Amino acid sequence: MSETMEDDKRDVCTLDEVADKCNINAWTIRLWCERFNDILKPCQNENGEIFFSHADMEKLKIISRMAKVNGMKAAKVKEKLKEKLEDKML
């Protein structure tokens, strides 16, 4: 979460907004940002506020579905999500 945010906030949502939209607790999102730091790339402004892109929100929804609904462990979720993202890039 070391990236800084540019002045344009139109394409991003705050941590609380993401938590509400994705129905995921904010503390869970923070934990997942640490565990999936090579996949999730939220930005911080100079005040320490965290912002997520819409792509990160979609990734959080996938992580939530895999972890909560399918009962996958974090390592397996990370592996599957990386595969899914690589497939999209091809």
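Rounded to the nearest 20, the Cβ-based charge dipole of the chain about its Cα centre (Lys and Arg +1, Asp and Glu -1) stands at 760 debye.
The slack between ARG35 and LYS76, meaning 0.36 nm per residue of separation minus the straight C-alpha distance, is 13.6 nm.
Only the coordinates and a few stated rules stand behind these numbers; no lab work does. For clarity, every value in this text was computed on a predicted model and none was experimentally measured. Ideal geometry is used to build each Cβ from the backbone, glycine not excepted, and the neighbour counts take in all protein chains shown.
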